[in-house]
């Protein structure tokens, strides 16, 4: 059984709606990638060095990342020799299989899940630069938690960006959750102190904290995040359980640079990749995991409230290769 068919069969018996979300959300990336892959296969009948060189270019243009491309190409060449693959059509399934293997690595599925406390307050700290969709993501995540029956509160820790507090308040009203805030320009650590105290007093299940995303001075960013984390941990030992970094997928390699800076500034436990539906370069998911070792925990696949989806490597690859999967299935049915 081919790898494409295995993915298709597995997803058919899993959450079809979630699989459809990935397929729909990755349309731009898939159209771009599939067109180029089909053109490549059409130009080359046999798998040779020229074929691999052009494949490298396609992957690079998809923002897969240099280190990941080198690893992928090396493993593909080894697999081609092992299976004695000659026809370029036979390598498409091998590529998708290797992409899943590279993303998942030695990790178990638990790494992709949020570390939520049972019967205790869980604190999730959100970090990221302005304009990446951080506040919107917080609102959507709060909505999902509330739909799951959790009592959620928000902390408006971005006290420097004009309108940030009001924006979070709008989301709080829309979702129906309390927002702990101070005035503009207030000390973010003081906001976090009050938020944790309030969340404990009201027996909240989850407290989601927004933070400022200024990168003009990396030293100040580090000090500010360290101070915020120290206050949270002092008031609630073991917290924050998650530090999620919001990155805009449409910014490509710039998102990777931001991730490196925030990883230095704080212990990032996971990535939320926003606006993945708005880019033709969805390979950035692989670059982040391979080059930084940080799992992508959520992806933004659209504007709707339920378009923020838990990341799943196989559903992601299905979203990238759906057209090729359907083509192979059609060929096998003939």
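For every residue, the table says whether it meets (1) closer than 19 Å to residue 68 by Cα; (2) at pLDDT 90 or above.
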| site | (1), (2) |
| --- | --- |
| 244 | no, yes |
| 257 | yes, no |
| 275 | no, yes |
| 282 | yes, no |
| 312 | yes, no |
| 315 | no, no |
| 324 | no, no |
| 328 | no, no |
| 331 | no, no |
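Of all residues in the stretch 53-107, exactly one satisfies the criterion of being without any contact (Cβ under 8 Å) to a residue 60 or more places away in the chain, within 19 Å of the chain's Cα centre (by Cα) and not in a helix (DSSP H, G or I), namely 106.
Comparison of 207, 141, 168, 221 shows that the only residue that is in a strand (DSSP E or B) and either under 28 Å from residue 255 (Cβ atoms) or over 22 Å from the mean Cα position of the chain (by Cα) (or both) is 207.
Restrict the check to the stretch 110-127 and report whether at least one residue is closer than 16 Å to residue 272 by Cα, part of a helix (DSSP H, G or I), in contact (Cβ under 8 Å) with a residue 40 or more places away in the chain and out of contact with any strand residue (DSSP E or B) (no Cβ under 8 Å at 6 or more places or on another chain). Checked against the condition, which is being closer than 16 Å to residue 272 by Cα, part of a helix (DSSP H, G or I), in contact (Cβ under 8 Å) with a residue 40 or more places away in the chain and out of contact with any strand residue (DSSP E or B) (no Cβ under 8 Å at 6 or more places or on another chain), the stretch 110-127 yields at least one hit. For the stretch 44-66, state whether one or more residues are out of contact with any strand residue (DSSP E or B) (no Cβ under 8 Å at 6 or more places or on another chain), over 21 Å from residue 322 (Cβ atoms), modelled with pLDDT under 85 and outside the structural domain of residue 307 (by the TED database). Looking for residues that are out of contact with any strand residue (DSSP E or B) (no Cβ under 8 Å at 6 or more places or on another chain), over 21 Å from residue 322 (Cβ atoms), modelled with pLDDT under 85 and outside the structural domain of residue 307 (by the TED database), one finds at least one in the stretch 44-66, hence yes.
Residues of the stretch 171-194 that are in contact with a strand residue (DSSP E or B) (Cβ under 7 Å, 6 or more places away or on another chain) and part of a loop (DSSP other than H, G, I, E, B): 177, 181. Just one of the numbered conditions (1) touching a helix residue (DSSP H, G or I) at 6+ places or on another chain (Cβ under 8 Å); (2) surrounded by fewer than 16 Cβ atoms within 10 Å (Cβ to Cβ); (3) closer than 30 Å to residue 24 by Cβ is not true of residue 257; which one? That leaves (1) as the condition not met.
Hey, any hits in the stretch 214-222 for a residue that's closer than 27 Å to residue 143 by Cβ and buried (at least 17 other Cβ atoms within 10 Å of the Cβ)? Taking every residue of the stretch 214-222 in turn, none turns out to be closer than 27 Å to residue 143 by Cβ and buried (at least 17 other Cβ atoms within 10 Å of the Cβ). The set of residues from the stretch 146-159 being in contact with a strand residue (DSSP E or B) (Cβ under 9 Å, 6 or more places away or on another chain) and either within 14 Å of residue 192 (Cα to Cα) or surrounded by fewer than 21 Cβ atoms within 10 Å (Cβ to Cβ) (or both) comprises 146, 150, 151, 153, 154, 155, 156, 157, 158. Evaluate the following for residue 162: is it buried (at least 22 other Cβ atoms within 10 Å of the Cβ), out of contact with any helix residue (DSSP H, G or I) (no Cβ under 7 Å at 6 or more places or on another chain) and either under 20 Å from residue 134 (Cβ atoms) or in the same structural domain as residue 262 (by the TED database) (or both)? It is false that residue 162 is buried (at least 22 other Cβ atoms within 10 Å of the Cβ), out of contact with any helix residue (DSSP H, G or I) (no Cβ under 7 Å at 6 or more places or on another chain) and either under 20 Å from residue 134 (Cβ atoms) or in the same structural domain as residue 262 (by the TED database) (or both).
The values are calculated or read from the model by the stated rules, or taken from the named source; none is laboratory data. The shown structure was predicted, so the numbers you read here are calculated from the model rather than taken from an experiment. Note that we place each Cβ from the backbone using ideal geometry, even for glycine, and neighbour counts take in every protein chain shown.
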